[in-house]
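> One structure, pasted below without further comment.
The values are calculated or read from the model by the stated rules, or taken from the named source; none is laboratory data. Computed from a predicted model, the values in this text were never measured in an experiment. Here the Cβ positions follow ideal geometry from the backbone for every residue, glycine too, while neighbour counts run over all protein chains shown.
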Amino acid sequence: MAKNITNPEKDFARWYQDVIREAELADSAPVRGCMVIRPYGYSIWENIKASLDASFKKTGHKNAYFPLFIPESFIKREAQHVEGFAPELAIVTQAGGKKLEEPLVVRPTSETIINHMFSKWINSYRDLPMLLNQWANVVRWEMRPRAFLRTTEFLWQEGHTAHANEEEAREETLRMLNVYANFAVNVAAIPVIPGRKTEREKFAGAVDSYTIEAMMGNGWALQSGTSHYLGTNFAKVFDTMYLDSNNEQQFVHQTSWGVSTRLVGAVIMAHGDENGLRLPPKLAPVQVVIVPIARDDSARAEVMTVVERIRDNLEIEGVRVEVDSREGMSPGFKFNYWEVRGVPLRLEIGPRDLEEGHVMASQRNRPGRDSKFTIPLDSLVESIPGILDRIQNEMFEEAARKRDSRTYTVENLDDFREAIVNKPGFYDVWWDGNTEDEARLQQNTKATVRCIPLEQPEGSGKCFMTGRETNTRVILARAY
RNA sequence: CGGGGCGUGGCGCAGUUCGGUAGCGCACCUGCUUUGGGAGCAGGGGGUCGCCGGUUCAAAUCCGGCCGCCCCGACCA
């Protein structure tokens, strides 16, 4: 059992904070709710960024940057938008030593300022679609911050697109949701359920919101990415119009979509175990750590020659590798050090291995003795990429198994009330409720409708809350 | 904002009841010995005890006020 890390079975929230501290992912800042992302945590975010950014570019988007400050009046133009965001705005009223004519909002999201600019840049149907993305920080003064999951300031990307008609915009909305789902599954090794948000849960200002919902280690849900069809809601209040081929003015149809540093939290909570972090190789800042073992100087020299050659060859293969040659620390200490940090693969190389012609390897994702195996020295370098792939796959399979084994169903609210406490997880139920039913559900159980999965089964049944016959199933869960 | 808890070297805590020279573990520094699952010994550095005020010969400790943090809830990427 790892020192300084609470058992996740006993206290999951505490475990989460312990892992963040011990793995040196982040530290709290002097301002409440704000977080310093430390180098190791930040490099996980950089890997997330690099992967998504490539996908955005592949789907035709270009990066741009819009300002941090937004005139307060912009936020107020779209009724739903202002209602949703007003309570959590940080507003600058004074600057340059005097009171400002108009207060400036520190952006909570950029739909408004982007529409302001789009309305200048878009004139003709030939300007469409306009496909932009920005990597930025935003500020939302939430009541209950949690590291990575809900910080006052957070880093994210927000895509903003404008299209000639509803069909194209809706297609874009789902295309980007799919980009997120693919990232979650193939890169973060986290299974997700893509679905539509209910009226109650959708983005302030959207016509429809879509989400990917992931399950964390305690059975709670985490909304891990969202994609919105905004319709013409913002276009109408910002006059974002174009001239169509019939010489008629039309409003653009828009989308916005985003993922944030919350994804780092998702990776921690979906994969971590009682010994700390476990990182999927595709996101791990260090994919392979080599711990050289030597009793004396002459052994060390011999071992290091081999270790350095292996490191250089792995680097040529594109593997992110680090040699832990720190002196005065025992091998056992180093093993634990890198395990807490979730490094997927460890190689131990000492005089004994050189004699026997192999190295000892340990896969972080496997428990106990199963984690250790040997790799022949002469085929070491070429076998590593395959092992990393194997770890990546095993981690996804394990997360999927865990998720599936904690996905249940119930027939009525009373059963659910008990079930969600005794067996936290996803509840896949028939649903025909309205917004009031959702509110009642949350009051009674603290759970919410996470999404209406895009994939719906055949047939019908009785809504677990209203008893009405329906052909819609939804996922219920407690959520972060 | 409601309910609970807590502020004492970097981290975790004891000391507060009953006022009397600020302590322990980990971490850190130096040296020697160690190194295949969180090394040992010796020496050493670091704290105006959250802040302000009061009582007192004397306050981490008693009194008054303030501030902050954490956890649980309402809100949310």
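> Is there a residue being at pLDDT below 95, of a type in the set (Gly, Ala, Ser), out of contact with any Asp or Glu (no Cβ under 6 Å at 6 or more places or on another chain) and within 13 Å of RNA strand B (Cβ to nearest atom) anywhere in the range A:121-139?
No, the range A:121-139 has no match at all.
> If you go through the range A:26-51 one residue at a time, how many are aliphatic (A, V, I, L, M) and either over 21 Å from A:Arg278 (Cβ atoms) or not assigned by TED's automatic domain parsing to the domain that holds A:Glu153 (or both)?
Qualifying residue count for the region: 4.
> A:Glu158 versus (1) assigned to a strand (DSSP E or B); (2) acidic (Asp, Glu); (3) closer than 29 Å to A:Leu263 by Cα; (4) more than 21 Å from the chain's Cα centre (by Cα): which is the lone unmet condition?
Failed condition: (4).
> Same structure again: Is it the case that the range A:313-320 has a residue that's in contact with a strand residue (DSSP E or B) (Cβ under 9 Å, 6 or more places away or on another chain), in a helix (DSSP H, G or I), more than 26 Å from A:Trp15 (Cβ to Cβ) and modelled with pLDDT of 95 or more?
Yes, the conditions are met somewhere in the range A:313-320.
> Let me ask you something else. Among the candidates A:Ile5, A:Ile48, A:Ile37, single out the residue that is within 14 Å of RNA strand B (Cβ to nearest atom), within 30 Å of A:Ala162 (Cα to Cα) and surrounded by 13 or more Cβ atoms within 10 Å (Cβ to Cβ).
A:Ile48
> Cβ contacts < 6 Å: first residue over 16 Å from A:Asp18 (Cβ atoms), restricted to the range A:266-280; second residue hydroxyl-bearing (Ser, Thr, Tyr), any location; separation 6+ or different chain. Result?
A:Ala266/A:Ser224
> Suppose we filter the range A:108-126 for residues that are surrounded by 15 or more Cβ atoms within 10 Å (Cβ to Cβ) and either touching a helix residue (DSSP H, G or I) at 6+ places or on another chain (Cβ under 7 Å) or hydrophobic (A, V, I, L, M, F, W, C) (or both); how many remain?
Residues in the range A:108-126 being surrounded by 15 or more Cβ atoms within 10 Å (Cβ to Cβ) and either touching a helix residue (DSSP H, G or I) at 6+ places or on another chain (Cβ under 7 Å) or hydrophobic (A, V, I, L, M, F, W, C) (or both): 11 in total.
> Sticking with this structure for a sec: Please list, ordered by first then second residue, the pairs with beta carbon atoms under 8 Å, 6 or more apart or interchain, first in the range A:410-425 and without any contact (Cβ under 8 Å) to a residue 24 or more places away in the chain and farther than 10 Å from A:Ala477 by Cα, second surrounded by 12 or more Cβ atoms within 10 Å (Cβ to Cβ) and aromatic (Phe, Trp, Tyr).
Every condition considered, the pairs that remain are A:Ala419/A:Tyr408; A:Ala419/A:Tyr427.
> A further question follows. Is it fair to say A:Pro8 is in contact with a strand residue (DSSP E or B) (Cβ under 9 Å, 6 or more places away or on another chain) and of a type outside the set (S, T, N, Q)?
When the stated conditions are applied, A:Pro8 passes them.
> Residues that are over 18 Å from the mean Cα position of the chain (by Cα) and within 12 Å of RNA strand B (Cβ to nearest atom): which strands (runs of 3 or more DSSP E) entirely in the range A:207-306 hold 2 or more of them?
In the range A:207-306, A:288-292 are the strands (runs of 3 or more DSSP E) which contain 2 or more residues that are over 18 Å from the mean Cα position of the chain (by Cα) and within 12 Å of RNA strand B (Cβ to nearest atom).
> Further, regarding this structure: Only helices (runs of 4 or more DSSP H) wholly contained in the range A:1-83 count here; list those with 2 or more residues that are modelled with pLDDT of 90 or more.
A:39-58, A:72-77
> May I pose another question? Does A:Glu88 count as surrounded by 13 or more Cβ atoms within 10 Å (Cβ to Cβ), touching an Asp or Glu at 6+ places or on another chain (Cβ under 7 Å) and not basic (Lys, Arg)?
Criteria met by A:Glu88.
> Select from the range A:22-31 the residues that are of a type outside the set (Gly, Ala, Ser) and buried (at least 17 other Cβ atoms within 10 Å of the Cβ) and write down the one among them that is farthest from RNA strand B (Cβ to nearest atom).
Result: A:Leu25.
> Every residue in the range A:194-221 that is β-branched (Val, Ile, Thr) and more than 30 Å from A:Asp11 (Cβ to Cβ), please.
If the condition is that a residue be β-branched (Val, Ile, Thr) and more than 30 Å from A:Asp11 (Cβ to Cβ), then A:Thr198, A:Val207 are the ones that fit.
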